[in-house]
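Student: This is the structure I have questions about; it appears just below.
The values are calculated or read from the model by the stated rules, or taken from the named source; none is laboratory data. Since the structure is predicted, the reported quantities are computational estimates derived from the model, not experimental observations. Neighbour counts run over all protein chains shown; Cβ positions are idealised from the backbone, glycine included. Keep in mind that these areas ignore ligands, DNA and RNA; they rest on the heavy atoms of the full protein, side chains included. Shrake-Rupley method; radii C 1.70, N 1.55, O 1.52, S 1.80 Å.
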Amino acid sequence: MQLAFAPELKAFRAEAADWLDDQLSGPFKALRGRTSQMDMVEERRAWEAALGAARWSVVGWPEQWGGRGASIAQQVIFAEEYARAKAPPRVGHLGVELLGPTLLALGSEEQKTRFLPDIAHGRAIWCQGYSEPGAGSDLANVKTKARLESHRYIIDGQKIWTSMGMIADWCFVVARTEPGSVGNKGLSFLLVPMDQAGVTPRPIRQMTGEAEFAEVFFDGAEALAIDRIGAEGDGWKVAMALLGFERGVSTLAQQMHFRNELDDIIAAAKANGKAIDPLIRQRIAHAHAGLKIMRYSSLRMLSDEAGLSGAAYSYKLYWSQWHKALGELAMDVLGQSGEIGISEERFDALTSMYLMSRSDTIYAGTDQIQRNIISERGLGLPREPRGQ
Ligand SMILES: Cc1cc2nc3c(=O)[nH]c(=O)nc-3n(C[C@H](O)[C@H](O)[C@H](O)COP(=O)(O)OP(=O)(O)OC[C@H]3O[C@@H](n4cnc5c(N)ncnc54)[C@H](O)[C@@H]3O)c2cc1C
């Protein structure tokens with residue numbers, strides 16, 4: 001179990017911190033401290049490009065593909081410094097954290113050459129086309145169809161809750177390529193350009209006021225056959241491998257954001273006098289302890305040589321509930337002032353955090369699904385009856 005970083009990693013940390021500070025005090029000053037996912041899109045694309053040019057975009061990838069071949073410890077350090085510098089959420093994160101690692105593991109050399117440099121240099125923003133109106137927790141119920149005609153797939157169907165769907169250049173889509181197949185058989189994993197007549201994204205406005213996600217309609221949309229990852233009909237395997245990348249070093253960066261949020265709550269409580277309320281103090285101390293538990297738990301997961309094990313499922317359950325409680329704490333500290341928006345479309349950062357935290361127990365697998373997985377895979381309980 002590794003609970004601390006080796007001293008020789010100090011230089012790496014300093015290099016990352018210096019670069020981030022230079023950029024976020026200089027050309028990208030306006031992005032420092034931005035918590036929204038979707039505003040200032042052009043500046044964020046430029047930020048992705050700057051990270052790529054300095055080889056800070058995909059530090060864990062091999063150098064050949066724009067990374068630094070960084071060790072897990074170095075990746076964690078960069079992620080921590082990124083959050084400490086209050087750098088903005090990455091518009092490229094679905095490419096950087098999900099599709100890129102999937103291509104590295106399962107893509108052909110040609111696919112790597114075609115797609116990885118554009119992800120690393122922020123030239124292509126990706127979105128994830130998994131969920132459908134009838135396929136969320138039950139993802140295997142995907143109905144979107146794709147049929148092969150000559151060298152391309154023709155796609156018809158609908159995706160929903162597609163984060164970044166309004167600004168993405170590409171979408172990785174799970175589609176049914178074997179007519180009449182059911183469940184996780186007969187699916188394929190296709191890479192689909194968004195800028196074409198057959199693709200229509202429509203924004204879904206959330207209670208934060210933003211439209212971070214969209215519903216995406218495919219009506220005769222096209223994808224090249226060579227842009228399918230894995231064999232035809234093997235889409236489930238690829239889709240599941242991709243989800244495995246969802247819980248990696250980014251957990252440590254996320255905790256640094258949580259730390260920033262907790263610090264903001266403490267500052268607000270000191271400023272408005274709530275800091276002397278014994279119940280608020282207890283909840284703040286409890287949140288602090290939870291953060292420590294998450295940190296040690298992530299370091300333990302990341303230093304497990306067997307890779308991310310079942311601990312990742314309990315971890316998702318833990319952090320999502322912890323963060324939801326943090327949102328509630330923020331609102332209780334802010335009191336009525338937390339209910340006033342900055343504008344019709346925006347609240348201040350802590351109120352937005354509270355509203356957004358309501359979704360933490362839904363995306364990347366709902367709490368109920370995590371508990372099912374823990375009981376079945378971790379505790380060996382019988383599988384729940386399906387289709388009832
Ligand atoms: C902020 C956010 C961003 C998202 N981004 C994306 C994205 O980019 N791409 C994408 O494809 N999807 C995305 N999603 C969708 C997300 O993956 C789904 O919302 C999630 O999988 C749940 O599916 P659902 O909404 O259809 O709910 P359902 O699956 O219909 O679930 C409804 C309720 O029933 C419970 N339930 C369902 N099945 C079971 C069961 N077997 N046992 C016990 N309880 C069960 C669930 O836990 C939940 O409480 C996003 C969601 C959110 C909130």
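Student: Considering only residues of segment 296-323 that are open to solvent by 70 Å² or more (accessible area, probe 1.4 Å), under 25 Å from Ser71 (Cβ atoms) and of a type outside the set (A, V, I, L, M, F, W, C), which is modelled with the highest pLDDT?
Tutor: Of everything passing the filter in segment 296-323, Tyr296 is modelled with the highest pLDDT.
Student: Of all helices (runs of 4 or more DSSP H) completely enclosed by segment 72-149, which ones contain at least 3 residues that are surrounded by fewer than 17 Cβ atoms within 10 Å (Cβ to Cβ)?
Tutor: By residue number, 109-120.
Student: So which residues in segment 207-246 are acidic (Asp, Glu) and modelled with pLDDT of 90 or more?
Tutor: Glu215, Asp219, Glu222, Asp227, Glu232, Asp234
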